[in-house]
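Here the structure comes first, spelled out in structure tokens, and everything after it is commentary.
The values are calculated or read from the model by the stated rules, or taken from the named source; none is laboratory data. Note that the structure is predicted; figures quoted are calculated from it, not measured. Heads up, the Cβs are rebuilt from the backbone with ideal geometry, glycines too, and the neighbour counts pull from every protein chain shown. We work out accessible area using only protein heavy atoms, side chains counted, and drop any ligands, DNA or RNA first. Shrake-Rupley method; radii C 1.70, N 1.55, O 1.52, S 1.80 Å.
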Amino acid sequence: VQLQASGGGLVQAGGSLRLSCKASRIILSVFRESDVGWYRQTPGKQREFVTSNTDDGLSNYSDSVKDRFVISRDNSKKTVYLQMNGLKSEDTAVYFCFHKIMGRDYWGQGTLVTVSS
């Protein structure tokens, strides 16, 4: 399984970005059954949970992004999205997508989001 994250960039505080995470080398049925999500990391800190989405459609968000970020998935495109609204300077980080497939975690390479105040 390979995960390719994209969509990061520089945005002003209050703005929006949409991240994408496209999976490859995975058959559609396995993608559909995988739990997916996003973490983020800033220099010198541990990777922090942002959001997740289970194979049966349940989403979970960290308190810091709840009501601002939305995770979604397009199974036909094997892609997971993270819509980020109302961005704050503290959202600046490298964002990593992940898939949990049959108990094993797969990670994308990360995409940098920089929010200027």
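Some notes on this structure:
- Taken over the range 103-117, the criterion of being within 26 Å of residue 30 (Cα to Cα) and either touching a residue at least 40 places away in the same chain (Cβ under 8 Å) or in a strand (DSSP E or B) (or both) is satisfied by 104, 105, 106, 107, 108, 109, 110, 111.
- Matching residues, the range 5-32, being in contact (Cβ under 8 Å) with a residue 12 or more places away in the chain and hydrophobic (A, V, I, L, M, F, W, C): 5, 10, 11, 13, 17, 19, 21, 23, 26, 28, 30, 31
- Selection status of residue 67, part of a loop (DSSP other than H, G, I, E, B) and surrounded by fewer than 21 Cβ atoms within 10 Å (Cβ to Cβ): yes
- Subset tally (residues that are modelled with pLDDT of 95 or more and surrounded by fewer than 14 Cβ atoms within 10 Å (Cβ to Cβ)) for the range 89-103: 2
- When the range 27-48 is filtered for residues that are among the hydroxyl-bearing types (Ser, Thr, Tyr) and surrounded by 12 or more Cβ atoms within 10 Å (Cβ to Cβ), the ones remaining, listed by number, are 34, 39, 42.
- Scanning the range 51-73 for residues that are among the acidic types (Asp, Glu) and at pLDDT below 95 yields a total of 2.
- Selection over the range 28-58 of residues that are more than 21 Å from residue 6 (Cα to Cα) and either of a type in the set (A, V, I, L, M, F, W, C) or part of a strand (DSSP E or B) (or both) gives a count of 2.
- Residues (open to solvent by 100 Å² or more (accessible area, probe 1.4 Å) and in contact with a Gly (Cβ under 8 Å, 6 or more places away or on another chain)) located in the range 17-26: 18
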